[in-house]
1. Report the residue, chosen from GLN198, GLN66, GLN271, that carries the largest GNM mean-square fluctuation when the chain is represented by alpha-carbon nodes joined by springs under 10 Å.
2. GNM, the chain, Cα, under 10 Å: largest mean-square fluctuation among SER257, SER361, SER269?
3. Determine the dipole magnitude for region 1-113: charges of +1 sit on the beta-carbon of Lys and Arg, -1 on that of Asp and Glu, nothing else is charged, the reference point is the Cα centre, and the result goes in debye to the nearest 20.
4. Using only protein heavy atoms and a 1.4 Å probe, report how much of PHE251 is accessible, in Å² to the nearest 10.
5. Select from GLN198, ALA321, ILE300 the residue farthest towards the positive end of the dipole of the chain; place +1 on Cβ of Lys and Arg, -1 on Cβ of Asp and Glu, and compute about the Cα centre.
6. Pick from VAL162, VAL80, VAL92: which residue has the top mean-square fluctuation in a GNM of the chain where Cα pairs under 10 Å get a spring?
7. Under a Cβ-only charge scheme (Lys and Arg +1, Asp and Glu -1), can you give me the dipole magnitude of the chain about the Cα centre, in debye to the nearest 20?
8. Is there a pair in LYS124/LYS305; LYS168/LYS305; LYS78/LYS211; LYS224/LYS305 whose C-alpha atoms are over 23 Å apart, and which pairs would that be?
Amino acid sequence: MQIGGHKIAAYEGTTLPRLSIFSLLDLVNFQYKFENFVKQVPREDPRRASRAEEWDNMTFEEFCNQNTWTYATRDLLKAVVCTISGLRPREVSALHYLHYSSMAGSLENLVEAENGGAQEWKIKGGAQQISELLRDKIGVQNIILSEPVKKIDQSDAASVKVMTDNGKMYRCKYVINATPLHCSVAMEYQPCIPLTRQSFAYKCPVGHLFKFLITYKTAFWREKGYSGEIIGNGGKPVREGCDSGPIQMVFDSMTGSNNPALVGFYANSWQWRHVEANERREAVLKHLSEFLGPEAAEPIDFIDKDWTIEPYNGGCPVNVATPGALTYFFDGVRTPHDRIHWAGTESATQWNGYLSGAVQSGMRASEEVLACISHEAKGDGVLEDLDKKLPTPTPSESSVSLLALTSVAVVGLCLAIYWVKKM
C-alpha cells in the first residue's frame with residue numbers, strides 16, 4: 001500500500017490496512033457510520049432515503065471530510081472511489097455512493113477480492129465467451145452486426161421502426177435499449193425521450209478507468225509471499241504534467257492455465273492517457289518494481305487499454321451520478337418510453353455496474369416486454385409493477401460480479417424482441 005505520506009508498506013488481511021493507530025480508528029469509525037447509512041438507502045429508489053436530498057446535494061469528498069479527520073483515511077477512500085468508479089470523490093454525489101454500495105450489499109463488498117466481493121471472480125477463458133454462447137443460443141442469423149442505430153421511431157402506435165447509419169430500417173413490436181446511459185441519449189427518438197432520461201444521462205458521466213495488463217514468465221510475487229494486490233494514489237509525481245506516479249490499484253491476474261500476470265489501473269488516468277505509450281509502460285514497470293522488486297521490470301508482455309476512445313461506451317466502468325442527479329432525475333433510469341424499455345447495468349437494483357447487474361436488468365426488461373405482449377393479446381393495457389415481482393441476484397449468488405464494462409457486454413440494442421421484419 002502507498003497512502004498518505006507515499007511510503008510503501010506491506011500489510012496482511014483483507015479489511016484493515018496498515019495505518020497509524022489514529023488513521024485506523026478513523027477508518028473503522030467511517031466504515032461503521034457508512035455501512036449504517038447504506039442500510040438507509042433503498043436499492044430500488046435512493047430518493048426514499050430519509051436524508052436523500054442532503055446526501056445528493058454534496059459530493060462524496062465533502063461527505064468523507066465530514067465523517068473523517070485523518071489525511072491517510074481520506075487518501076485511502078479516494079483511491080477506493082477512483083478505482084470503483086473511475087471518477088474522483090469531488091465529482092460524485094454522496095448519495096450515489098451510498099446507493100451503489102447498497103446495491104452491492106455494502107462498501108466492503110465492492111472492494112473485497114475474497115468472500116464473494118466484487119473483485120474476487122473472473123471468467124476462466126475470458127468474458128467474450130458469454131457473447132459467443134448467447135450468439136449460439138440465439139442463432140447467428142438473428143444477430144445484426146455493423147449496424148449502429150441512428151434513430152428509433154414510434155410514430156406508428158402499433159410498432160417501432162429502428163433506423164441504422166447504413167440506411168437500413170427494421171420494424172419490431174418493442175425495443176430493449178441496453179446501451180450505457182450516455183450512449184442511449186446519443187440516438188434520435190421520435191417522439192423524443194422524456195426530459196428525465198436525457199437529464200439523468202447528462203448528469204451521470206461515465207468513469208475513466210485506464211487499465212494495464214502485464215504478463216510474466218513466473219509469478220515471482222507469490223514466490224516472495226505477496227498476494228499481488230496493491231492500492232494507492234500513485235505516490236509522488238514522476239513526470240511533468242502528471243500529479244502522481246502511475247499506479248493506483250493492482251491485482252494478481254494469473255489465468256486458469258497458470259499464465260502469470262498482474263492487472264492494474266492508472267492513478268490520475270486523465271493525465272496519464274496523454275503520455276506516450278512507451279513512456280507509460282516504463283513508468284508503470286518502474287513504479288511496480290518499487291513494490292515487488294526488480295523482477296517486475298522484466299515482463300514478457302505489456303498492454304494497456306483506454307476505454308474513452310471506444311465509440312460505443314466512451315469510458316469505463318459505469319455511469320456515475322453527480323450531485324443532484326438522483327433526487328431530480330432518477331425516474332429516467334428504468335421507466336419505459338412507450339415501446340422502448342431500458343436495460344443495461346446502470347438500471348439494475350443489485351450489483352449495479354457489474355455483469356450480474358446487467359443480467360438482472362435484462363431479466364427485468366424482458367419480463368416487461370413479455371407482459372406488454374401478453375396484455376396486448378388480452379386487450380388489457382394495465383401492467384403490474386414488475387420490479388417488485390422479479391427475482392434479483394444477491395451478492396452470494398453473484399459469483400461473476402466483475403468490474404464493469406457490462407453494458408457493452410450486451411452488444412448495442414436487442415432489436416429482435418418480437419416479430420422482427422427487415423423492411
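The values are calculated or read from the model by the stated rules, or taken from the named source; none is laboratory data. Since we're looking at a predicted model, the values are computed, not measured. We place every Cβ from the backbone using ideal geometry, glycine too, and count neighbours over all the protein chains shown. Note: areas computed on protein heavy atoms with side chains; ligands, DNA, RNA excluded. Shrake-Rupley method; radii C 1.70, N 1.55, O 1.52, S 1.80 Å.
1. Fluctuation is largest for GLN66.
2. Per the Cα network of the chain with a 10 Å cutoff, SER257 tops the list.
3. Numbers: 12 positive and 14 negative charges, 29 e Å.
Once rounded to the nearest 20, the dipole reads 140 debye.
4. Rounded to the nearest 10, the figure is 30 Å².
5. GLN198
6. Result for the chain, Cα springs under 10 Å: VAL162 fluctuates most.
7. On the way: 43 positive and 49 negative charges, 119 e Å.
Dipole magnitude for the chain comes out near 580 debye.
8. Working: LYS124/LYS305 20 Å; LYS168/LYS305 32 Å; LYS78/LYS211 18 Å; LYS224/LYS305 28 Å.
Pairs exceeding the cut-off: LYS168/LYS305; LYS224/LYS305.
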